[in-house]
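Some notes on the structure that comes next.
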Amino acid sequence: MESLNLFAAAPEIALLACACFILLADLFIPDERRNLTYGLTLAALVLVAAICWFFFANDLVQYAFGGMYVTDPMASVLKIFSALCVATMLVYAQGYARDRGIWKGELFALALFCLLGIFVMISANNLLVIYLGLELQALSLYSLIALRRDDARATEAAMKYFVLGALASGFLLYGMSMLYGATGTLDINELARNIASGQVASRAALVLGTVFVVAGLAFKLGVVPFHMWVPDVYHGAPTPVTLFIGSAPKLAAFAIAFRLLVEGLLNIAVDWQKMLIVLAVGSLVIGNLTAVAQTNLKRMLAYSTIAQMGFMLLAMLSGVVGGSTMSTVNAYSAAMFYVITYALTTLGTFGIILLLARQGFEAEQIADLRGLNKRSPWFAFVMLLMMFSLAGIPPTMGFYAKLVVLQALLGNGITTGMLWLAIIAIGFSLIGAYYYLRVVKTMYFEEPSDLRPLVAAPDMRIALSANGLAVIVLGIVPQYLLALCANAMIKTLGG
């Protein structure tokens, strides 16, 4: 019983209890009082985030369920931001979901169960626990995408995601079975010890298993060549669900990539680094070049996601340079900072799209943003900040996120041949700036087709304004969030 240590899983237990309570309570709440369910869900997210903050503030590294589950500072930070993403999604989704008949208990319950899967993925210290968290998150997302049952496009997107997701889960599970066969353990810490001490039945099986694991992770991150689902799902899903897919699950994908590749397979980094180089370069090239040709805003942001995740992989692959782990903390804290930055920027970008969509149509085309500055100068400025951040233009936090990734890449890059990767990253970031700035040009220099001012609910106006200010303030003073990521990574690697 001592090895259970349920205290370490306190955030997950609280979240599960709240999700079950909200699911049952909503049965007795009529549609016209749905705000009660909304308020309960936000309260649950605040409670869970507060528990996670308690763990982080006390530098707790706790193992549960016989070492299969770990709560460490990195997990606590990622869980706090994941809860923030879900809360912000619900705030932004209100008008859109009400207009389209999906402001129901299913939206709240599925969002909470999806968040529970994300929490499990973030804290998993065992290969099978990672898979359990992944499936809980994925099955909830499939249902969220298909929430508009009268929308053929949403149903098609859910089917595509389901079929391709099952294929990727098979890749990941097969890779895990190969790792188990090669090392004789499912525990990630023991896996690392067995590889370091040479207790491996077959190195070929180990490397082959790593190939399948990386393929499964690449699908979850949406990087080339496992990116085919991203544009269709982003386009077909209800916009609040698209916002969700682009934020919290990316934090979970980073966490399982870190658990598997860094905590478990660091001693064969020379093998998986080469795979990440191919994935990163392919994503930067195809993501940026294809985004240039898009006129649909959601599809453009989907290809932008592919390119952004390629940039994040550059930090992941620069943690071990020539067999040296001297730059490990800098590289992985840079990757963590980058994925948090991307999640916060995605929230604001889709928040503006949801605000426009509330007028009774799907604001999906770049042309739908025409003259936004004349209709609402403040919201146009928020969208400008989001585009600048995605493009990596100062003084937004996106600029600093790209800078710390390049610094991690070039820590020893000139002597170990990684300089060319930095040059490619900078070159394709310049190409990427074109399609982000095209959105700014559309907002500020084209005439609006609709002169009615945008009307936002008070909580949405506050949340969007805070989102925009966070992107610029964390760009001007990024050291606090960067120090948070670095300290979390130091304590996690040390623990």
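The values are calculated or read from the model by the stated rules, or taken from the named source; none is laboratory data. Nothing here was measured: the structure is a model prediction, and the numbers come from that model. When we count neighbours, we look across all protein chains shown, and the Cβ atoms used for this are built from the backbone with ideal geometry, even at glycine. SASA here: full protein model, heavy atoms, side chains in, ligands and nucleic acids out. Shrake-Rupley method; radii C 1.70, N 1.55, O 1.52, S 1.80 Å.
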- request: Working only within the range 56-76, note down all residues that are assigned to a helix (DSSP H, G or I) and either surrounded by fewer than 19 Cβ atoms within 10 Å (Cβ to Cβ) or touching a Phe, Trp or Tyr at 6+ places or on another chain (Cβ under 6 Å) (or both).
  value: ALA57, PRO73, SER76
- prompt: Can you pull out the residues in the range 4-16 that are open to solvent by less than 60 Å² (accessible area, probe 1.4 Å) and assigned to a helix (DSSP H, G or I)?
  reply: ALA8, ALA9, ALA10, PRO11, GLU12, ALA14, LEU15
- prompt: Before we move on, is TYR92 of a type outside the set (Gly, Ala, Ser), crowded, with 24+ Cβ neighbours inside 10 Å and in contact with a Gly (Cβ under 8 Å, 6 or more places away or on another chain)?
  reply: yes
message: Tell me whether the range 470-491 contains one or more residues that are open to solvent by 40 Å² or more (accessible area, probe 1.4 Å) and over 28 Å from CYS85 (Cα atoms).
response: no
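Among the residues of the range 273-285, are any without any contact (Cβ under 8 Å) to a residue 60 or more places away in the chain and closer than 29 Å to ALA154 by Cα?
yes
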message: Checking the condition crowded, with 22+ Cβ neighbours inside 10 Å, out of contact with any strand residue (DSSP E or B) (no Cβ under 8 Å at 6 or more places or on another chain), among the hydrophobic types (A, V, I, L, M, F, W, C) and more than 30 Å from MET489 (Cα to Cα), which residue from ALA157, ALA109 passes?
response: ALA157
Matching entry among SER429, SER449 (being open to solvent by 40 Å² or more (accessible area, probe 1.4 Å) and either in contact with a helix residue (DSSP H, G or I) (Cβ under 8 Å, 6 or more places away or on another chain) or touching a residue at least 60 places away in the same chain (Cβ under 8 Å) (or both)): SER449
message: Quick check on the range 325-334. Is at least one of its residues surrounded by 24 or more Cβ atoms within 10 Å (Cβ to Cβ) and either more than 30 Å from LEU384 (Cβ to Cβ) or in contact with a Phe, Trp or Tyr (Cβ under 7 Å, 6 or more places away or on another chain) (or both)?
response: yes
message: Looking at LYS402, LYS441, can you tell me which residue is among the charged types (D, E, K, R), under 30 Å from ARG259 (Cα atoms) and part of a helix (DSSP H, G or I)?
response: LYS402
statement: Residue hits (the range 146-197; outside any helix (DSSP H, G or I) and farther than 30 Å from PRO240 by Cβ) are GLY184, THR185, LEU186, ASP187, SER197
query: Residue check: is VAL405 under 28 Å from ASN330 (Cβ atoms), among the β-branched types (Val, Ile, Thr) and open to solvent by less than 10 Å² (accessible area, probe 1.4 Å)?
result: yes
